[in-house]
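FYI, it's all coordinate maths here, none of it is from the lab. Only a predicted model underlies this, so the values are computations on that prediction, with no experimental measurement involved. Note that we place each Cβ from the backbone using ideal geometry, even for glycine, and neighbour counts take in every protein chain shown.
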Amino acid sequence: MVVVIVVWMVVVALASSWAFSALPRLVWRPRAITRMFRAQGMPGPEYRVLFGNIGEMKRLLAESTGLVLDVGCHDYSAMVQPYFRKWMALYGRTFVCWLGDRPDVFMGDVDMVKQVLSDRTGLFPKNPVNEHFARLLGKGLVLIDGDEWKRHRKVVHPVFNVDKLKMLAMTVSDCVGSMLSEWEAKLGKAGRDVEIEMSSQFEELTADVISRVAFGSDHREANGVHLAQKELQFLAFSSIFNVLCHIPGFRYLPTKTNLKMRKLQKVVQGILSNIVKNRVAAKDTTGYGNDMLGVILEACTSENGQNPLMSMDEIIDECKTFYLAGHETTSLLLTWIMFLLSTYPEWQEKLREEVLGECGKEIPVGDTLNKLKLVNMFILETLRLYGPVTLIQRKASSDLELGSIRVPKDTILTTPIKTIHRNKEIWGEDADEFKPQRFENGVTRASKQPNAFLPFSSGPRACIGQNFTMIEAKVVFAMILQRFSISLSAKYVHAPTDVFTIRPRYGLQVVLKSL
């Protein structure tokens with residue numbers, strides 16, 4: 001008890017000292033910035049000292065917790081980022097809000113988004129959200145900028161070449177085959193249809209795939225990474241709405257959450273470090289290997305074996321990035337694909353007919369995947385409505401012009417993917433409806449703006465792993481259609497929620513029938 005009191009006395013003392021010394025940043029600067037934006041016709045919610053708009057964001061999120069949607073409704077903005085929904089109704093598609101003492105420009109204008117995402121000059125570097133998120137994801141390709149990003153990309157790029165992606169389909173099919181065999185065994189025992197909780201199944205599946213692709217023979221050792229990262233993700237997300245977490249140095253204090261995060265970070269670091277060190281030690285006898293880690297280690301060493309392009313810590317950070325980004329987003333994409341497949345039985349029949357026509361009962365690999373046009377359209381529409389990532393954030397590297405608006409240095413620039421994907425002026429009056437046929441002529445012709453489809457971002461910093469994700473999703477999707485029919489369970493509750501990524505709050509329960 002005494003220790004706890006002392007800790008919080010230290011916290012209060014640090015917070016008080018920080019607040020006093022930061023008075024210009026906490027009071028005068030936000031007021032000046034607010035006046036500057038409003039003079040340019042850029043409104044937004046009122047700034048609150050220290051908190052910004054975090055208090056209202058927390059309140060609106062709490063109020064939305066119990067909301068439930070009809071399964072045919074795909075507008076979940078009232079429960080996911082309800083504060084943006086409210087502020088858009090009050091101020092329009094472009095406004096300024098405050099994350100603590102930092103201004104955040106909400107860019108609902110596609111031309112603004114294009115200017116930011118297509119920039120190659122370094123004017124709009126990545127915004128890491130906070131230190132907890134940066135430690136979760138690692139300082140890999142997703143978060144780094146400039147020459148550092150170019151150096152890392154040079155090393156990582158060979159992982160996603162054509163030959164590697166062809167091998168990916170076989171790895172995925174092996175993992176999926178094991179999962180589907182378990183489903184068939186359950187159906188055999190039941191003698192009838194069976195209920196499966198899909199979201200947890202896909203978490204395990206994609207963790208297995210990413211472990212095998214990234215770490216090959218070491219995949220079993222790597223399986224513990226995704227469990228620790230999942231817990232870290234929830235803790236990092238909650239820290240966004242904790243004002244104390246925005247105080248410099250707060251993460252070093254021995255609070256319960258900080259101690260838990262440090263423990264989980266050590267678990268992830270320890271597992272990955274052990275795998276990398278063992279691989280380097282075995283290089284002379286077995287080589288680095290042909291998996292992702294092997295490719296990176298090989299690329300990191302120059303011809304004479306000196307001056308590696310990336311340090312050991314940087315390699316581990318890339319493993320964290322690849323593991324979380326490659327596992328999390330694909331798992332959730334597959335979950336929402338199955339939700340929509342269960343909701344629209346007429347599409348399920350069309351898709352099964354295409355898969356059986358092109359693949360029969362064979363594993364869908366190679367050029368066969370490119371022939372699955374309806375499957376591709378279905379996945380793209382799933383990404384439009386239920387893309388796992390809802391926001392892209394950058395920041396202004398200096399005072400600059402964004403469209404016709406002057407923006408001060410360090411302003412957060414938020415691209416609201418979910419909002420843009422539902423803009424009726426861009427996608428038509430049916431923007432809230434599920435219509436895969438809108439992608440019949442490709443992504444650029446699906447809407448009135450060729451740059452309005454953003455599940456993998458766009459421009460020079462577009463997701464390097466998007467082909468990886470699409471291949472994995474197609475293989476899993478097709479193999480399930482070959483063997484099973486799927487319908488929603490009566491237990492399913494449609495309540496999407498946001499934890500950096502969009503997921504079903506209560507899981508996805510479906511009923512399987514064998515074909």
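Could you calculate the FRET efficiency of Thr444 with Ala78 from 1/(1 + (r/R0)^6), where r is the beta carbon distance between them and R0 is 30 Å, rounded to 0.05? Step by step, r from the Cβ atoms, then E = 0.45. Taking the three principal axes of the alpha carbon atoms in the range 355-512, the coordinate ranges are 58, 38, 30 Å, sorted in descending order.
Among the listed pairs Lys320/Lys373; Lys350/Lys491; Lys139/Lys418; Lys166/Lys448, a Cα-Cα separation exceeding 28 Å is found for Lys320/Lys373; Lys166/Lys448. A crude spin-label estimate for the pair Lys424 and Val71, with each label 7 Å from Cα along the Cβ direction, gives 2.7 nm.
Dimensions of the range 91-170 based on its C-alpha atoms, expressed as ranges along the principal axes with the largest first, amount to 49, 29, 28 Å.
Were the residues from Asp399 through Ala134 laid out at 0.36 nm apart, the gain over their Cα-Cα distance would be 92.9 nm.
Placing dummy labels 7 Å off each Cα toward the beta-carbon, the span from Leu90 to Asn467 is 4.6 nm. Taken over the range 417-493, the convex hull of the Cα atoms encloses 146 Å³ per residue.
Each Cα pair under 8 Å and six or more residues apart adds its sequence gap; the mean of these over the residue count of the chain is a relative contact order of 23 percent.
Only helices enter the 222 nm calculation for the chain: every DSSP H run of n ≥ 4 contributes -39,500 (n - 2.57), and dividing by all residues gives -17000 deg cm²/dmol, rounded to 500. Fully extending the segment from Asp174 to Lys150, taken as 0.36 nm per residue of separation minus the present Cα-Cα distance, adds 5.2 nm. State the label only: which of [x] 37, 30, 24; [y] 34, 28, 24; [z] 55, 23, 19 corresponds to semi-axes √(5λ) of the Cα gyration tensor in Å computed from the shown model? Calculated semi-axes √(5λ) of the Cα gyration tensor in Å: the matching label is [x]. The slack between Glu353 and Ser181, meaning 0.36 nm per residue of separation minus the straight C-alpha distance, is 59.7 nm.
Mean Kyte-Doolittle of at least 0.5 plus a Cα span of 30 Å or more along the axis: flag which DSSP H helices in the chain meet both, please.
Span-like helices, by this rule, are 312-343.
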